1. How large is the charge dipole for the range 1-142, taken about the Cα centre, if only the Cβ atoms of Lys, Arg (+1) and Asp, Glu (-1) carry charge, to the nearest 20 debye?
2. If I compute solvent accessible area with a 1.4 Å probe over the protein chains, what percent of it on the chain is carbon and sulfur?
3. What residues of the range 227-247 lie in the reach of a label at Phe214, counting those whose backbone N is under 20 Å from a point 7 Å from the Cα along Cα→Cβ?
4. Quote the relative contact order of the range 31-110 in percent (integer), defining contacts as alpha-carbon pairs under 8 Å separated by 6+ residues.
5. When DSSP beta bridges are limited to those with both residues in the chain, what percentage is antiparallel, rounded to the nearest 5?
6. How far is it, in nm, from the label point at Ser239 to the one at Ser193 when both lie 7 Å from their Cα along the line to the Cβ?
7. For the range 17-59 and the range 132-186, what is the separation of their C-alpha centers, rounded to whole Å?
8. What is the spin-label model distance, in nm, from Arg100 to Lys17 if the labels are put 7 Å beyond Cα along the C-beta direction?
Amino acid sequence: LKFDVIDLIENPDEYKKHGIGLPNGILLYGPPGCGKTFFAEQFAEEAGYNFIKVFASDLASIYVHGTQEKIGKLFKEAKEQAPTIIYFSELDAMVPDTERVNNQSIGGEVNEFLSQLDNIGNSGVFVIGSSNKPDYIDNAALRAGRLEKWFFIPPPDFEARKAMFKMCLEKRPHDFGLDYDKLAELTENYVSSDIRLLVDEASRKSIQEYRQGFSESSRITMELLEQIIKNQKPTVSLSELEKYEEIRNKIEKNTDDSNQPPKIGF
């Protein structure tokens, strides 16, 4: 993101010399709970753009062609407020693979979405889509001129888990000398949202024990964190994480083998 997009935003003149403009959009994909929305929000803050977050329910309508009208209105407003980033959460629900969904109404909505995506970057609008099911997104949305770059957001590695524990605990009462290396070791295959949940649970438990007189303070201890981790299993199974690695490998292989955008579907 830094090299492909942020640098371009900050140094447009240098890129213009090479005839390179802002990409129309990107796709963030990976297991649930790994921070795709967080990345999108931080990206918008870094870029200094207006930010519009859109869920599938925001575009739903009980009227015929109502969703198509909402899509058109959304992009119109984004262009008027440009520079704007539109973030579509769970893009697969908004632009489903039309080969999987035999529904004329949905087909019209997908076509409207695709037409709005065409070279949208020229209007000062940057689109970020996120999905836990990238193989369910219509391939036409993932070609050049639309969402032309893809970024896999994986579960946090050892160093990221260690940093997340520090970040989540730094403003809470806790014992000095917590073993962050051990906490990271104990949480292999835990996703980002799991780590936040673990610390939240440790806070609740420490408050309860203090109020019930079982401890002298409500500080979070290493012993308590280890106990919480032992009782709280990862929310995403190892087999599911392996499935996402297969999807990632397939996308990256297709990207290496061809200059054409890869087809994600199985």
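1. Roughly 120 debye for the range 1-142.
2. 48 percent
3. Those under the cut-off are 227-233.
4. 35 percent
5. 5 percent
6. 2.1 nm
7. Centre-to-centre distance over Cα atoms comes out at 15 Å.
8. Modelled inter-label distance: 4.5 nm.
The values are calculated or read from the model by the stated rules, or taken from the named source; none is laboratory data. These numbers come from a predicted model, not from an experiment. Here Cβ is always computed from backbone atoms with ideal geometry, including for glycine, and neighbour counts include all displayed protein chains. The protein model used for the area step is the full one, side chains on, heavy atoms only, and it has no ligands, DNA or RNA in it. Shrake-Rupley method; radii C 1.70, N 1.55, O 1.52, S 1.80 Å.
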